[in-house]
Amino acid sequence: MIIYRLPTYDDYELLRDYVVEHYSNHETSISASLGLTNMKYEDWVDKITHNSEIGDEEWGKNYLYLVLDNDRLVGLLSIRYDLPKHHRDLYGDIGYGVRPSERRKGYATKMLKHGLNVCKEKNMTDVIVGCYEDNYGSNKVIQKNGGVLCNILKKEIKISNEWTINLNSNYYRINL
């Protein structure tokens, strides 16, 4: 059973192992982590909690969920449902990452579906989701969830696809 919840101070070891697995696979950027590796762990938890309850001027309100399957951290899900327009256009409304050993098992598709349902509950009518053009798995996940390619952007040295998902469609509510 998949559980989505905010991180706590007690999750340090769980997240440390998650980061170590990414680094062991030569991945130094942890998707959807909101700066996990750039600050003291307790400060990161405080930031996540604050942004879920109060938000801030720069990022608005958002959730960062740990995604657990049988107590194993399989991924992170960032739902940015109150972003200022300039951040929304740059980062999108939903971000997700799955640990390397758990990829290609359907977790990302389920995570995005969950994020879309949360956005719908927050009265959003559409969602922007982006990923690099060469991230074929993520592009497929977004398409499975009703994504329509709306923009192709050059970000630094990579090409990024920007997708929109209409939340008035019932397609994203289909259970896997």
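Bear in mind that the values in this text are calculations on the coordinates, not laboratory data. Here the structure is a predicted model, which means the values were calculated and not measured. Cβ sites come from the backbone with ideal geometry, for glycine too, and all protein chains shown count toward neighbours.
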Query raised in the report: At each listed q (0.11 Å⁻¹), what is the log10 of I(q)/I(0) that the Debye formula gives for the chain modelled as equal alpha-carbon point scatterers?
Result: -0.44
Query raised in the report: Taking neighbour counts of Cβ atoms within 10 Å as a proxy for exposure, in what order, fewest first, do Cys150, Cys119 appear?
Result: Cys150, Cys119
Requested in this report: Within the set of other residues whose C-beta is less than 9 Å from the C-beta of Pro84, count the net charge using Lys and Arg as +1 and Asp and Glu as -1.
Outcome: -1
Query raised in the report: Each label point is 7 Å from the Cα along the Cα-to-Cβ direction; what then is the distance between the points at Trp59 and Arg16, in nm?
Result: 2.3
Query raised in the report: Could you give the dipole magnitude of the chain about its Cα centre, charging the beta-carbon of Lys and Arg +1 and that of Asp and Glu -1, in debye to the nearest 20?
Result: 800
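Can you name the helices of the chain, as whole DSSP H runs, whose Cα span along the helix axis is 20 Å or more and whose Kyte-Doolittle mean is not below 1.6?
none
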Query - Expected 222 nm ellipticity per residue - DSSP helices of 4 or more, -39500 (n - 2.57), all of the chain, to 500 - result: -10000 deg cm²/dmol
Query raised in the report: Residue by residue, what Karplus-based ³J(HN,Hα) values in Hz, rounded to whole numbers, does segment 77-89 have, using 6.51, -1.76 and 1.60 with θ = phi - 60° and x for Gly and Pro?
Result: 10, 10, 10, 9, 8, 9, 6, x, 3, 4, 6, 4, 5
**Report entry** Mean Cα-pair separation over length for segment 2-173, i.e. relative contact order, pairs under 8 Å, 6 or more apart, %
**Finding:** 17
Report summary line: Stretched fully, the stretch from His26 through Met124 gains (0.36 nm per residue minus C-alpha distance, one decimal, in nm) 31.7 nm
Requested in this report: May I ask you to list the trypsin sites (Lys or Arg not before Pro) in segment 52-141 that are in a DSSP loop and have at most 10 other Cβ atoms within 10 Å of their Cβ?
Outcome: Arg104
